[in-house]
1. Pop a pseudo-label 7 angstrom from the Cα along the beta-carbon direction at both Asp270 and Ala147 and give the gap in nm to one decimal.
2. For segment 10-90, which GluC sites (Glu not before Pro) pass both filters: DSSP loop (anything but H, G, I, E, B) and at most 16 other C-beta atoms within 10 Å?
3. Could you grab the relative contact order for the chain? Cα pairs under 8 Å, six or more apart, rounded to a whole percent.
4. Treating the beta-carbon of each Lys and Arg as +1 and of each Asp and Glu as -1, no other charges, what is the dipole magnitude of the chain about its Cα centre, to the nearest 20 debye?
5. Please work out whether segment 125-231 counts as rounded, prolate or oblate from its C-alpha gyration tensor, where a ≥ b ≥ c are the square roots of the eigenvalues and a/c under 1.5 means rounded, while otherwise a/b larger than b/c means prolate and anything else oblate?
6. Counting other Cβ atoms within 10 Å, which trypsin sites (Lys or Arg not before Pro) in segment 196-255 have at most 10 and lie in a DSSP loop?
7. Determine the shape class of segment 176-254: with a ≥ b ≥ c the square roots of the Cα gyration tensor eigenvalues, call it rounded for a/c under 1.5, and otherwise prolate if a/b is greater than b/c, oblate otherwise.
8. Through the Karplus equation 6.51 cos²θ - 1.76 cosθ + 1.60, θ set to phi - 60°, convert the phi angles of segment 235-246 into ³J(HN,Hα) values in whole Hz; use x for Gly and Pro.
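Every read-out reported here was derived from the displayed coordinates using simple, explicitly stated rules and does not represent laboratory data. Owing to the predicted nature of the structure, the values given are computational and were not obtained by experimental measurement. We place every Cβ from the backbone using ideal geometry, glycine too, and count neighbours over all the protein chains shown.
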Amino acid sequence: MSSGAVNSGAVAPGAELTALQVQWAAAGAWPPIEVERLGEWVLRAGLGFTNRANSVIPLGDPDLPLSAALEAVEQWYAARSLPAVFVVAGRVGFDPSADAVAAEAIRRGYAASDPTLFLTASTGLVASSGGAAAEPVGGAVMLELSAELSEEWLTAYGSYRENDRAAARAILTGSPAQVFVTARAAGQIVGIGRLGVSAGWGGIAAMWVDPAYRRRGLAGEMLASLARFAAEAGVPRLHLQVWAHNAPALALYRRAGFIPHHAYVMFTQDVSETAKRR
């Protein structure tokens, strides 16, 4: 797996934590609606809205043989009309099939996603990477920050990512603290983003810029404005997640100060294969 434009030579904030430990520490920034434990595994559900809120973090021992543990997980998700999804994480470039949970998932017919990079950064570094949030961007766009999720922000989010509105609202407002950035031009929303704060981390997500306003530095300004909010709230570290193949986004985040902490792949249950086994 290539880390694209991101500089992997520096030490990532949170380097003292394993990949799965950081996944769990970051979970509150994009919180599920429901959480249950299977031994040391963490099962998350959020009405199917995003894999991040509807997947298992296999932190340690599930207190069951591996095959039985996956069976129990599948039953838990089936009761919620969802497929089982597992987060399998490791160093950038790792082979997911070498992981015991992934190997069992593959044996059971699960499908692997494309790899995602989990990036971290110093809040102060990102906060200093853009101009003042209250000033015009490119002379035409203004940024607004709000702790409240507005209907128009949610509508803008739904314009590029289909979602169950109730589930999206529950997850987007479910962190201990969160802030939403909105970019406007002539009164119209042309960009959005969100920061969720949890466990001493700020998680950047839901970043979107209208295609007509891209390559003007707007995404970088929104990113910096969210980081400044985190800095003022005393949050020292940031994280975000991006497809490993998304070179333009990786270049933006590298310039802002993000570097890879780890990579991960999602393994999703094929419910038709599960039905064949029963």
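1. 4.8 nm
2. Working: sites: Glu16, Glu34, Glu36, Glu40, Glu71, Glu74; in loops: Glu16, Glu40.
Answer in residue order: Glu16, Glu40.
3. Numbers: 578 pairs, mean separation 86.7, N = 278.
Worked out over the chain, it gives 31 percent.
4. Numbers: 22 positive and 24 negative charges, 102 e Å.
Charge dipole, the chain, about its Cα centre: 480 debye, nearest 20.
5. Working: a/c = 1.99, a/b = 1.14, b/c = 1.74.
Oblate is the answer for segment 125-231, as a/c is 1.5 or above yet b/c matches or exceeds a/b.
6. On the way: sites: Arg214, Arg215, Arg216, Arg228, Arg237, Arg254, Arg255; in loops: Arg214, Arg215, Arg216.
Counting only loop positions with at most 10 other Cβ atoms within 10 Å, the trypsin sites (Lys or Arg not before Pro) in segment 196-255 are Arg215.
7. Details: a/c = 2.20, a/b = 1.33, b/c = 1.66.
Note, shape of segment 176-254 comes out oblate.
8. Couplings: 8, x, 10, 10, 9, 7, 10, 8, 4, 5, 8, 8 Hz.
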